[in-house]
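Everything below concerns the one structure shown next.
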Amino acid sequence: MDEGTPSRTAIRVALRRAAHQLYDSPVVFTDPVAVPLLGAEFREELERTRFKLEKPHSLGMRAFLVARSRFAEDHLATAYASGVRQYVLLGAGLDTFAYRNPHPGLRVFEVDHPSTQAWKRGLIARNGITVPDSLRYVPVNFEQQSLETELAAAGFDSTQPAVFAWLGVVPYLTLEAFRRTVAYLDARPVGSALVMDYFLRTEALPSVEQLERASLSARVALAGEPFQLFFLPEDLAEELGAFSRIEDVGSAELNGRYFAYRSDGLKMRGHSARIVCAWRS
């Protein structure tokens, strides 16, 4: 990762969240900060999204990203109603939740690579986005620093439950790195939750989707962010063995929940992407 710049993946995700606010109706995931955050710097790129509205792949990808954010924040609201007051975004990227947090008393911790986080903070300052007192930035270089140590230094209370959102990160990890983070999450108090997304292993996909996976994998590898880690649902459930309640949903369930009865074609496509919420109880 180049010093002072975010990943291209983070930018693409932010552009698609912003495009959803501008071009999709009705909006499934309301994010009034998504467009202002990008500002003039990405206005032209966001405008080009208008011409991709009829492309099924583009719509499917946007639907997945919209569903992923909505799913995470729906489960956060459930946890908050049960008394959870800490929310940790692992690999926060250009996520905007902290700047529109509707939950009084909820503390938000944005964990990310120092370069990506520094770039994001510059973007926030340039575009006049207010940084709330409830937000703590936690820059972590996982090759050199401990997640537990850096969260504690930022004021995270490890004796209290928390919701961890780990979105758009797992496919880029090694299995060793994944297990290292899960070991930390396994030790969180009862009432904690993990929301994450993952991709099915290639051999579990229909042949057409296997070809699409190969094409996408080649593109992200060229961008310097190769896919490394895939799961089957049963394998992931075993990896998350310390979590007693796991909700693992795919495109059919998410389309029924968030995209039913639409006429604009916005829906998830294929079987590759899945989202999980796992609870410690």
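Read-outs throughout are calculated quantities, based only on the coordinates presented, and are distinct from any laboratory measurement. Please read all numbers here as calculations on a predicted model, not as lab measurements. All Cβ positions, glycine included, derive from the backbone under ideal geometry; neighbour counts span all protein chains shown.
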If you take the C-alpha gyration tensor of segment 197-281, multiply each eigenvalue by 5 and take the square root, what semi-axes do you get, largest first, in whole Å? 23, 21, 11
Amide H neighbours of ARG107 under 5 Å, counting only residues 5+ apart in sequence or on other chains, H built in-plane at 1.01 Å? GLN86, TYR87
Taking the alpha-carbon centroid of each part, what is the distance from segment 173-199 to segment 88-156 in angstrom? 18
Listed residues ALA92, HIS57, ALA14: farthest to the positive end of the dipole of segment 1-151 (Cβ charges): HIS57
Along the positive direction of the dipole of the chain (beta-carbon charges: Lys, Arg +1; Asp, Glu -1; about the Cα centre), which of SER25, LEU37, SER134 reaches farthest? SER25
If you plug each phi of segment 194-206 into the Karplus form 6.51 cos²θ - 1.76 cosθ + 1.60 with θ = phi - 60°, what whole-Hz ³J(HN,Hα) values come out, in order, with x for Gly and Pro? 10, 10, 8, 10, 7, 10, 5, 4, 4, 5, 8, 9, x
Spelling it out for GLN228: with amide H atoms placed in the peptide plane at 1.01 Å from N, the residues 5 or more places away or on another chain with amide H under 5 Å from its amide H are TYR172, LEU173
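Would you work out if segment 54-180 is rounded, prolate or oblate? Take a ≥ b ≥ c from the square roots of the eigenvalues of the alpha-carbon gyration tensor; rounded if a/c is under 1.5, else prolate when a/b is larger than b/c, oblate otherwise. Mind showing how you got there, number by number?
Values: a/c = 1.27, a/b = 1.16, b/c = 1.10.
Judged from the Cα gyration tensor, segment 54-180 comes out rounded (a/c under 1.5).
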J(HN,Hα) series, segment 109-119, from Karplus relation 6.51 cos²θ - 1.76 cosθ + 1.60, nearest Hz, glycine and proline x: 10, 9, 9, 6, 4, x, 5, 5, 5, 4, 5
Provide the three semi-axes, in whole Å and in decreasing order, of the ellipsoid equivalent to the chain as defined by the square roots of 5 times the Cα gyration tensor eigenvalues. 26, 23, 19
Which is farthest toward the positive dipole end of segment 216-274 among ILE246, GLY270, ALA221, measuring Cα position about the Cα centre, with Cβ charges +1 (Lys, Arg) and -1 (Asp, Glu)? GLY270
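Relative to the Cα centre, what is the charge dipole magnitude of the chain, using +1 at the beta carbon of each Lys and Arg, -1 at the beta carbon of each Asp and Glu, and rounding to the nearest 20 debye?
Rounded to the nearest 20 debye, it is 740 debye.
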Measuring from its Cα centre, segment 95-234 shows a charge dipole (+1 at each Lys and Arg Cβ, -1 at each Asp and Glu Cβ) which, in debye to the nearest 20, is 380
